[in-house]
Amino acid sequence: MRRFSHVLSFLAVALFLLLAGSVAKANTIDPAIGVQGNGTGSTLWTGSLVVVFQPTTAGVTCDTSGMCNYNTPTSNPFFIETGSITSFEYSFNQSQNTGFSTAAGNQFPILFIQNDVNTANPIAFLSGGTILPSSPILFLATTSNTIVGDFLLASDGVVQGTIETITSNVAPAPEPGTIILLASGLGAFGLRRLRRNKTAA
């Protein structure tokens with residue numbers, strides 16, 4: 001029994017270190033991504049948005065250095081009719097010059113990086129907030145990280161020509177190290193049970 005508790009303790013510490021490493025990576029690295037509440041007049045959110053970072057795209061502005069920003073026009077923000085949104089995946093089709101950070105005014109403060117900006121397909125997630133449909137009753141019971149009604153999305157400092165896909169309520173895929181760690185823990189647990197059964201027999 002004591003060995004099993006040691007295995008569980010080891011797994012807990014290793015998982016914490018893996019997650020801490022991801023958070024540390026997020027803190028050291030700019031595109032700046034964010035979610036805000038604002039606006040009047042809305043577009044129904046269907047679960048995802050594709051943004052082409054060119055000056056001809058609505059909401060996109062680019063400078064002479066080839067860096068672009070996207071901000072949902074405040075005259076046409078998104079809204080949802082049912083359920084809630086608790087996370088967003090920001091996926092880019094090419095590597096970026098800088099890294100990921102949270103944009104000013106972001107109300108989804110937790111940044112998790114799935115693939116670093118130096119990879120061919122950088123992916124980051126924002127969570128720690130909630131978007132709810134507009135309702136006077138819900139408005140009374142919300143927290144500072146809850147958006148009721150319309151919301152806006154932002155991606156600043158993106159390389160011109162990039163195609164970004166923003167998808168709501170997608171969970172990050174487990175990292176290979178996490179899968180190996182979990183498999184090792186389950187294997188150790190199974191071996192312990194097998195030995196216990198043989199001893200009892």
Worksheet item: With respect to A173, is the statement that it is part of a loop (DSSP other than H, G, I, E, B) and at pLDDT 60 or above true?
Response: yes
Practice prompt. Give just the number: which of (1) under 22 Å from W45 (Cα atoms); (2) modelled with pLDDT under 95; (3) small (G, A, S) does G185 not satisfy?
Written response: (1)
Worksheet item: Just a yes or no: is a residue in the stretch 73-83 buried (at least 16 other Cβ atoms within 10 Å of the Cβ) and more than 30 Å from P174 (Cβ to Cβ)?
Response: yes
Worksheet entry | For T143: the one exception among (1) modelled with pLDDT under 95; (2) outside any loop (DSSP other than H, G, I, E, B) | (2)
Fill in: Subset of the stretch 84-105 (residues that are part of a loop (DSSP other than H, G, I, E, B) and either charged (D, E, K, R) or surrounded by 12 or more Cβ atoms within 10 Å (Cβ to Cβ) (or both))
S84, N93, Q94, S95, Q96, N97, T98, G99, F100, A103, G105
Discussion item. Suppose we keep only residues that are hydrophobic (A, V, I, L, M, F, W, C) and closer than 15 Å to I33 by Cβ within the stretch 79-91. Which one would you say is nearest to the chain's Cα centre (by Cα)?
Written reply: F88
Worksheet entry | Of residues in the stretch 106-128 being of a type in the set (V, I, T) and in a strand (DSSP E or B), the one nearest to V159 (Cα to Cα) | I123
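The values are calculated or read from the model by the stated rules, or taken from the named source; none is laboratory data. Source: prediction; values computed, not measured. All Cβ positions, glycine included, derive from the backbone under ideal geometry; neighbour counts span all protein chains shown.
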